[in-house]
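Asker: For reference, the structure I am asking about is given below.
The values are calculated or read from the model by the stated rules, or taken from the named source; none is laboratory data. Not measured: the values here are computed from a predicted model. Using ideal geometry, Cβ is built from the backbone for each residue, glycine included, and neighbour counts are taken over all protein chains shown. Just so you know, the surface numbers come from the protein's heavy atoms only, side chains and all, with ligands and any DNA or RNA stripped out. Shrake-Rupley method; radii C 1.70, N 1.55, O 1.52, S 1.80 Å.
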Amino acid sequence: MIVRIPSGIRGLDELMGGASIPENTVTMVYGPPKVGKSIFAYGFAAGGAEMDEPCLYISADYGLSDLKRNMAVLGMDPESYMEKELLYVIDAISSISGPAADEGSTYFSSSVHNPTDIMVKLGVAIRNITNRYTMFRSVLDSLTTLMAFNDEMLIVRVLTAYIMRIKEAGGTAVVTYTEGSADPKVETMLKAVVDNIIHLDGSELTVEAMVGTGRVSAPYTIDDSGIKVVHEG
């Protein structure tokens, strides 16, 4: 039996006939730039937090302050999530522009230049989470940024290690990727190592692959509360 968890994305669970993300799997959300990939990731993280299910968020695109602001603009409460230990952030980008915030139980500073350190911080954060919870979510946003600073094949290996660690710890994850940003062969490898694939093109969401379900698509919009899948039926 496939156990599914709510996606945190309005309309997506209804489109899929119930809770839509298979538990203990990794879903790639990909598409062109500026189509809502990070917004999808925010919704997935916040959807868990609202049910007291923590999320471990590796942020390679936005520093902690920008991540909080982006989520708050969509009506989410990242400050509260972190205070309640329902949002753990590995900030891999702030250190490039200057000193990062002080580390704590739910915040870790790393660097997109150092995937090894990101993985070390991942292990620490997972231990913090699994000491308290049996289920959790995770986000890696985004693979594209990591590839911009590192060898593409290295990031394929990092993704493979990330998936292994998340699954071994009982987590369910979303990773984001900008379509066409890597060599086509590398892009094929990325898709091959994940379990589920969702494509966003700015107007239509397509579930290209999902454990236990077939291909399905529907229009979507982005408003002040995030992504909304328009499902009729």
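Asker: Projecting each Cα onto the charge dipole of segment 31-148 (Lys/Arg +1, Asp/Glu -1 at the beta carbon, about the Cα centre), which of PRO33, THR134, TYR62 comes out farthest on the positive side?
Answerer: PRO33
Asker: Here's another thing I want to ask about it. Below 23 Å, Cα to Cα, which lysines can LYS68 reach? Residues fewer than 8 away in the same chain don't count.
Answerer: Reachable lysines: LYS34, LYS37, LYS84, LYS121, LYS228.
Asker: Another one. What full-extension length gain, to one decimal in nm, is calculated for ALA72 and SER217 as 0.36 nm per residue of separation minus the Cα-Cα distance? Show your work: numbers first, answer last.
Answerer: On the way: separation 145, 0.36 × 145 = 52.20 nm, distance 2.82 nm.
Between ALA72 and SER217, full extension yields an extra 49.4 nm.
Asker: Next up: Treating the beta-carbon of each Lys and Arg as +1 and of each Asp and Glu as -1, no other charges, what is the dipole magnitude of the chain about its Cα centre, to the nearest 20 debye? Walk me through the intermediate numbers first.
Answerer: Values: 18 positive and 30 negative charges, 89 e Å.
Roughly 420 debye, rounded to the nearest 20.
Asker: Related question: For segment 90-211, give me the percentage of DSSP beta bridges that are antiparallel, rounded to the nearest 5 percent.
Answerer: Working: 4 of 11 bridges.
The antiparallel fraction comes to roughly 35 percent.
Asker: For ALA125, what is the net charge nearby, where nearby means another residue's Cβ is under 13 Å from its Cβ and Lys, Arg count +1, Asp, Glu -1?
Answerer: Overall, the nearby charge balance is +1.
Asker: Just by accessible area at a 1.4 angstrom probe, what is the order of GLU53, GLU14 from largest to smallest?
Answerer: From most accessible down to least: GLU14, GLU53.
Asker: Separate question: Where a ≥ b ≥ c are the square roots of the eigenvalues of the C-alpha gyration tensor, would you call segment 170-215 rounded, which needs a/c under 1.5, or, failing that, prolate if a/b is larger than b/c, or oblate? Provide the component values of the computation, followed by the final result.
Answerer: On the way: a/c = 1.66, a/b = 1.15, b/c = 1.44.
Note, shape of segment 170-215 comes out oblate.
Asker: How large are Rg and Dmax for the chain when calculated on the C-alpha trace, in angstrom?
Answerer: 16.2, 51
Asker: Kindly report, to the nearest 10 Å², the accessible surface of ARG127 as traced by a 1.4 Å probe over protein heavy atoms only.
Answerer: Counting only protein heavy atoms, ARG127 exposes about 140 Å² to solvent.
Asker: Could you check how much of the accessible area of segment 176-216 is carbon and sulfur, as a whole percent, using a 1.4 Å probe?
Answerer: Using a 1.4 Å probe with all protein chains present, segment 176-216 comes out at 50 percent carbon and sulfur.
Asker: Residues of segment 5-40 with the amide nitrogen closer than 16 Å to a label point 7 Å from the Cα of ALA148, along Cα-to-Cβ, please.
Answerer: Residues passing the 16 Å test: 31-39.
Asker: Now, a different point. Calculate the dipole size of segment 13-124 relative to its Cα centre from +1 charges on Lys and Arg beta carbons and -1 charges on Asp and Glu beta carbons; express the result in debye to the nearest 20.
Answerer: 440 debye
Asker: Still on this structure: Hey, rough spin-label estimate for GLU23 and ARG165, points 7 angstrom out along Cα→Cβ, what's it come to in nanometres?
Answerer: According to this spin-label approximation, the distance is 2.4 nm.
Asker: What is the distance in Å between the Cα centroid of segment 135-180 and that of segment 52-95?
Answerer: 17 Å
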